[in-house]
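Input: a single structure, listed below in C-alpha cells.
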C-alpha cells in the first residue's frame, strides 16, 4: 500500500488545512498542463503522479477514509514540511533553510553563502523595480499600488515561478498582481531588464 503521507509530504498528525496546502502545492508542481510542451513520457508520468496525488488527497481529506487508511498502514510520525508562508521565528529572510546538506562543511558553508548572495541580489533587483514603480505613480498613490519591504522579502523567500505561485504570497494585492505580476515573475526567473 502506498504511503499517502509521504506522497503529500505531511505527517500523520497534520491538520486538514496543512494537508490541503501540501496537496495544492504538489498538484501545481506536477499538473499535466505544465508538461504539454514536453515529451509523451513526461506527460504520462505527470498524469500518473497527479492521479496518485488526487487519490491521496481524497483519502486523507475524508475523516472516515483517513481513519481506515491509518489503521491499515504503519506510519512513523515525522515533522511536516515547512509551509509555503514564512515562519515568524525565521531570523534571516535571505536564506532558505530547505537547502540540501552536503557531506563537507566547506561545501555547505559555500552553498549557504551563494544562496544568501543570490537572495540579496534578487532582493536588490525587486527593490529597484519597486522604486521605479513609485516614481511612475502619482504623489497621492495608495500604499497598495506598490510593494512594501515585507512583501518583497516574502517574494525572495518563496521565489514564485508562475502567477499562481505569486498569488499565494502574503501581502500581494490584486492591483499589484494585475499591473506588476508578470514583471515580478520575470525578475525572479532572471529574464528581466532590471538587472
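The values are calculated or read from the model by the stated rules, or taken from the named source; none is laboratory data. Note that the structure is predicted; figures quoted are calculated from it, not measured. Here Cβ is always computed from backbone atoms with ideal geometry, including for glycine, and neighbour counts include all displayed protein chains.
Of note:
- Test set (1) surrounded by fewer than 16 Cβ atoms within 10 Å (Cβ to Cβ); (2) at pLDDT 85 or above; (3) in a loop (DSSP other than H, G, I, E, B) - residue 82 fails condition number: (2)
- In region 114-145, of all residues being closer than 17 Å to residue 172 by Cα and at pLDDT 75 or above, the one that is surrounded by the most Cβ atoms within 10 Å (Cβ to Cβ) corresponds to 126.
- Selection within region 157-178 - in contact with a helix residue (DSSP H, G or I) (Cβ under 8 Å, 6 or more places away or on another chain), closer than 14 Å to residue 133 by Cα and surrounded by fewer than 16 Cβ atoms within 10 Å (Cβ to Cβ): 175, 177
- Considering 152, 191, the condition of being over 14 Å from the mean Cα position of the chain (by Cα) and either part of a helix (DSSP H, G or I) or at pLDDT 80 or above (or both) is satisfied by 152 alone.
- Across region 13-53, the number of residues qualifying as in contact (Cβ under 8 Å) with a residue 12 or more places away in the chain and either more than 19 Å from the chain's Cα centre (by Cα) or assigned by TED's automatic domain parsing to the domain that holds residue 165 (or both) comes to 3.
- If you go through region 143-156 and pick out every residue that is in contact with a helix residue (DSSP H, G or I) (Cβ under 7 Å, 6 or more places away or on another chain), without any contact (Cβ under 8 Å) to a residue 60 or more places away in the chain and under 21 Å from residue 119 (Cα atoms), you end up with 4.
- Residue match in region 9-25 (condition: at pLDDT below 85, surrounded by fewer than 12 Cβ atoms within 10 Å (Cβ to Cβ) and more than 27 Å from residue 163 (Cβ to Cβ)): no
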